[in-house]
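Colleague: Here it is: the structure, laid out below.
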Amino acid sequence: MAAGAGVRAGAGEPKQFRPILGVPMLLRALRPFAAHPEVSQLVVVLPATFAERPPAWLAPLVGERLWVVAGGATRAESVRAALVALNASLGIVLVHDAARPFVTQATIDAVIVRARTGVGAVAAVPMGDTVKEVEGERRVVRTVDRNRLWRAQTPQGFPRAFLEAAYAAWTEKTPFPTDDAELAERAGFPVEVVAGSPHNLKVTTEDDWRLAEALARELA
């Protein structure tokens, strides 16, 4: 999923194209899936203008195994577009965000294995911080039991029929899901967490970019 239109100041390009130590973030996110022996098709969802003319570093990869499709106005529309582009023979679907450039093959393995048992599988890590529920002027209402809390990541894997049914049932009159697993949960499908990695961070803020560059140096 790389259809976001957010741009960095003055660059005129989506932030998912921004390089981390010289490698575009989207490309870093894509490579572990491209190298995985059990991933038979990849669909990259881009903003419409870039889907028509992919970046020079992505265009050579487009072919029988890797497709590029145009995203929609919402994440839900973009996921739907990707599902339509998938080969009809594929029974398991993984959804991953371009903003998570450090996913490992071990995490991909874990999600695939769990999804094949017939449930939704979400890469996640247990909450380590103390969590406070607040209201109004940031007044603490209570301390939440963190033993039951996990931070969801991607990839999130599903039996294809689950995901297609969940998106078929969703309409824009209902609240937007924060991730694909939430939509599956609303549709009544079982969803479980599998162990992710703290390195699988989501890069959003400038602080995140600095952490990403430091991690890229460490992993180089």
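The values are calculated or read from the model by the stated rules, or taken from the named source; none is laboratory data. Here the structure is a predicted model, which means the values were calculated and not measured. Backbone-built Cβ (ideal geometry, glycine too); neighbour counts: all protein chains shown.
Colleague: Looking at the range 184-214, which of its residues are part of a helix (DSSP H, G or I), within 19 Å of the chain's Cα centre (by Cα) and farther than 20 Å from Ala76 by Cα?
Modeller: Asp208, Trp209, Leu211, Ala212
Colleague: Sticking with this structure for a sec: Tell me whether the range 189-197 contains one or more residues that are buried (at least 19 other Cβ atoms within 10 Å of the Cβ) and in contact with a His (Cβ under 6 Å, 6 or more places away or on another chain).
Modeller: No, the range 189-197 contains no residue that is buried (at least 19 other Cβ atoms within 10 Å of the Cβ) and in contact with a His (Cβ under 6 Å, 6 or more places away or on another chain).
Colleague: Could you please find all residues in the range 128-147 being in contact with a strand residue (DSSP E or B) (Cβ under 6 Å, 6 or more places away or on another chain) and under 27 Å from Val113 (Cα atoms)?
Modeller: If the condition is that a residue be in contact with a strand residue (DSSP E or B) (Cβ under 6 Å, 6 or more places away or on another chain) and under 27 Å from Val113 (Cα atoms), then Arg146 is the only one that fits.
Colleague: Taking the condition loosely packed, with under 15 Cβ neighbours inside 10 Å, without any contact (Cβ under 8 Å) to a residue 24 or more places away in the chain and over 28 Å from Pro37 (Cβ atoms), does Glu182 pass?
Modeller: Numbers: loosely packed, with under 15 Cβ neighbours inside 10 Å: no; without any contact (Cβ under 8 Å) to a residue 24 or more places away in the chain: yes; over 28 Å from Pro37 (Cβ atoms): yes.
No.
Colleague: Of the residues that make up the range 145-159, is at least one closer than 22 Å to Asn87 by Cα, modelled with pLDDT under 95, out of contact with any Leu (no Cβ under 7 Å at 6 or more places or on another chain) and of a type in the set (A, V, I, L, M, F, W, C)?
Modeller: Here is the first cut: in the range 145-159, the residues closer than 22 Å to Asn87 by Cα are 154-159.
Right, trim to modelled with pLDDT under 95 and you get none.
Scanning the range 145-159, I find no residue that is closer than 22 Å to Asn87 by Cα, modelled with pLDDT under 95, out of contact with any Leu (no Cβ under 7 Å at 6 or more places or on another chain) and of a type in the set (A, V, I, L, M, F, W, C), so the answer is no.
Colleague: Show the residue pairs that are 6+ apart or on different chains and have beta-carbon atoms under 8 Å apart, the first residue being within the range 1-22 and closer than 14 Å to Trp209 by Cα and crowded, with 19+ Cβ neighbours inside 10 Å, the second being of a type in the set (D, E, K, R) and modelled with pLDDT under 95.
Modeller: What qualifies is Lys15/Arg8.
Colleague: Let me ask another. Gly71 - would you say it is of a type outside the set (S, T, N, Q) and under 16 Å from the mean Cα position of the chain (by Cα)? Don't jump to the end; show me each part of the working.
Modeller: On the way: of a type outside the set (S, T, N, Q): yes; under 16 Å from the mean Cα position of the chain (by Cα): yes.
Criteria met by Gly71.
Colleague: Something else: Determine if the range 129-138 includes at least one residue that is closer than 30 Å to Pro32 by Cα, within 15 Å of the chain's Cα centre (by Cα) and not polar (S, T, N, Q). Don't jump to the end; show me each part of the working.
Modeller: Step one: of the range 129-138, the residues closer than 30 Å to Pro32 by Cα are 129.
If we keep only those that are within 15 Å of the chain's Cα centre (by Cα) too, we end up with none.
No - not one qualifying residue is present in the range 129-138.
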